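For reference, the structure is listed below as structure tokens.
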Amino acid sequence: VCPHRGRQLVNTPDDCNQVRGRKPNFVCGFHGWSYDLDGQNTFVLDPEDWQGALNAERTCLSELKVDTWGGWIYINMDPECAPLRDFLEPAAGILDHFQFEKMRYKWRQWSVYPCNWKTAIEAFMEPYHVTGTHSQLLKYGEYYAYSKAFGLHSVSGFDERDASRKNSQSTSVTRAGSGSDPRISTYELIRENYETLNYSAATDTLVAAASRLVDELPEGTPADQVIAHMMASAKADDAARGVTWPEIPPEVMAKAGLAWTLFPNQTILQGVTFALCYRTRPYGDDPNKCIFESYALERYPEGEEPVTEWVQAEPTAEKWGAVLAQDFSNMEWVQRGMKSRGFRGTLPNPHQERKITNFHRILSQYMGRGHLSKLDS
């Protein structure tokens, strides 16, 4: 904003989520004060009227902290904030292996939704809700999950209770299906997740590799060998079209799990060559609304990346896919239900919803209020 009278320097329409462009400088539309790209003032109308009281410190734009990680740009208004890398650890050290900066947008959408930003982000912190919200997915896979805190941040992953099915992929979204024939169920699980999550929880290459499992592997092949074969086939197919996979050690892949919440408002569901991401933000000073954003990332052959823009989309299955529409169907009613006199406070699952308790524990420390209390046995 202009330090003269506080006018916002870039106009942002209410129906526009992101503003971008190229300008050689910034000119205030009120009185014409101007600034270079470093924020230094280059023009004041009639500066002599201040009788020497104006100086560079008073007329420059305010500074803020800016840094990058994984291809994202992070902005912090606190000049005393911790360095970004320190803030993101230990999550960043694990997620670095996925090289998100080499992925590109597949699609990106946003909506103003009638719930608080915390209510919205919590809806994507745990798979514990799959049985009640996405029951159609249970046909092809188990959704029992763990949830762990990593400092400010947290991760969830599928908690495979069958030892014969455990492998470095089994905690992630790219995993073997359940049932008597994992060749069939793995394809159906990956296809179903891909198609109903707006073509974001896998890639065309992975789905194609999964579709060939019945033809390429004999009946009775164990689940861990099925997923290993599928991943090797997809990696070779991608290499043939110019997509190089990152080399992720098995122990890192197992630790990375299904999805991360980076405090306070960023969620990443990651695969080797793709990611589905969410971000929520307050909607002005209205605690009953938020700006909900979701976007899909993927690795593409150089020069074949799709051209995308932010699209405002109504929260429907047609616009977002069936699974996200089911999630949306809960968020507004959780927002309303929390205000009921009959609601005595949350009872989060201590194994599967620890991401939520960690989120509120950290938030209460920042806010100095709303501290959590432990349930008596």
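For the range 281-313, the set of residues classified as on the phi > 0 side of the Ramachandran plot and surrounded by 18 or more Cβ atoms within 10 Å (Cβ to Cβ) is empty. Residue pairs whose Cβ atoms lie under 7 Å apart, separated by 6 or more positions or on different chains, with the first residue in the range 359-377 and over 17 Å from ASN349 (Cβ atoms) and the second assigned to a loop (DSSP other than H, G, I, E, B) and not acidic (Asp, Glu), are ILE362/LEU152; ILE362/PHE263; LEU363/PRO264; SER364/GLY370; SER364/HIS371; SER364/LEU372. Screening LYS235 on (1) more than 25 Å from the chain's Cα centre (by Cα); (2) over 28 Å from GLU353 (Cβ atoms); (3) of a type outside the set (Asp, Glu) shows it passes everything except condition (1). Filtered by the rule that a residue be over 16 Å from the mean Cα position of the chain (by Cα) and assigned to a strand (DSSP E or B), the range 93-117 gives VAL112, TYR113.
Restricting to the range 319-350, count the residues that are of a type outside the set (S, T, N, Q) and out of contact with any helix residue (DSSP H, G or I) (no Cβ under 9 Å at 6 or more places or on another chain).
9
Pairing each residue of the range 206-225 that is of a type in the set (S, T, N, Q) with any residue that is at pLDDT 95 or above and buried (at least 17 other Cβ atoms within 10 Å of the Cβ), provided the two are 6+ apart or on different chains, yields C-beta distances under 6 Å for SER211/TYR187.
For the range 39-79, a tally of residues being in a loop (DSSP other than H, G, I, E, B) and among the β-branched types (Val, Ile, Thr) returns 1. Of the helices (runs of 4 or more DSSP H) entirely within the range 313-377, those holding at least 3 residues that are among the polar types (S, T, N, Q) and closer than 18 Å to MET125 by Cβ occupy 322-337, 354-367. Looking at the range 329-347, I want the residues that are touching a residue at least 24 places away in the same chain (Cβ under 8 Å) and have a partner that is surrounded by fewer than 10 Cβ atoms within 10 Å (Cβ to Cβ) and part of a loop (DSSP other than H, G, I, E, B) with Cβ atoms under 9 Å, at least 6 apart or on another chain. Which pairs are those? Going by the 9 Å Cβ cut-off, the qualifying pairs are LEU347/LEU375. Answer yes or no as to whether GLN266 is within 15 Å of the chain's Cα centre (by Cα), of a type in the set (S, T, N, Q) and surrounded by fewer than 23 Cβ atoms within 10 Å (Cβ to Cβ). The answer is yes for GLN266.
Filter the range 284-312 down to the residues that are in a loop (DSSP other than H, G, I, E, B) and within 30 Å of VAL243 (Cα to Cα) and list them by number.
Scanning the range 284-312 gives ARG299, TYR300, PRO301, GLU302, GLY303, GLU304, GLU305, PRO306, VAL307, THR308, GLU309, TRP310.
Number of residues in the range 118-162 that are part of a helix (DSSP H, G or I), touching a residue at least 40 places away in the same chain (Cβ under 8 Å) and in contact with a Leu (Cβ under 9 Å, 6 or more places away or on another chain) equals 4. Summed over the range 305-328, the residues that are in contact (Cβ under 8 Å) with a residue 60 or more places away in the chain and farther than 24 Å from ASN116 by Cα give a count of 4. Checking every residue in the range 221-238 against the condition of being among the basic types (Lys, Arg), surrounded by 14 or more Cβ atoms within 10 Å (Cβ to Cβ), farther than 30 Å from ASP14 by Cβ and at pLDDT 95 or above gives at least one match.
A quick yes/no check of all residues on (1) in contact with an Asp or Glu (Cβ under 8 Å, 6 or more places away or on another chain); (2) aliphatic (A, V, I, L, M); (3) at pLDDT 95 or above:
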position	(1), (2), (3)
LEU45	no, yes, yes
GLU48	no, no, yes
LEU54	no, yes, yes
ARG58	no, no, yes
GLY71	yes, no, yes
ALA92	no, yes, yes
PHE98	no, no, yes
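Restricting attention to the range 260-279, does a residue exist that is within 21 Å of LEU137 (Cβ to Cβ), hydrophobic (A, V, I, L, M, F, W, C) and in a helix (DSSP H, G or I)? No; the residues of the range 260-279 include none that is within 21 Å of LEU137 (Cβ to Cβ), hydrophobic (A, V, I, L, M, F, W, C) and in a helix (DSSP H, G or I).
Condition check ((1) among the small types (Gly, Ala, Ser); (2) out of contact with any helix residue (DSSP H, G or I) (no Cβ under 6 Å at 6 or more places or on another chain)) across all residues:
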| residue | (1), (2) |
| --- | --- |
| THR68 | no, yes |
| MET77 | no, yes |
| GLN99 | no, yes |
| TRP110 | no, yes |
| THR119 | no, no |
| ALA123 | yes, no |
| TYR128 | no, yes |
| THR133 | no, no |
| LEU138 | no, yes |
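Could you list all residues from the range 330-377 that are touching a Phe, Trp or Tyr at 6+ places or on another chain (Cβ under 7 Å) and loosely packed, with under 13 Cβ neighbours inside 10 Å? Of everything in the range 330-377, just one residue is touching a Phe, Trp or Tyr at 6+ places or on another chain (Cβ under 7 Å) and loosely packed, with under 13 Cβ neighbours inside 10 Å, namely GLY337.
The values are calculated or read from the model by the stated rules, or taken from the named source; none is laboratory data. These figures come from a predicted structure and were not determined experimentally. Neighbour counts run over all protein chains shown; Cβ positions are idealised from the backbone, glycine included.
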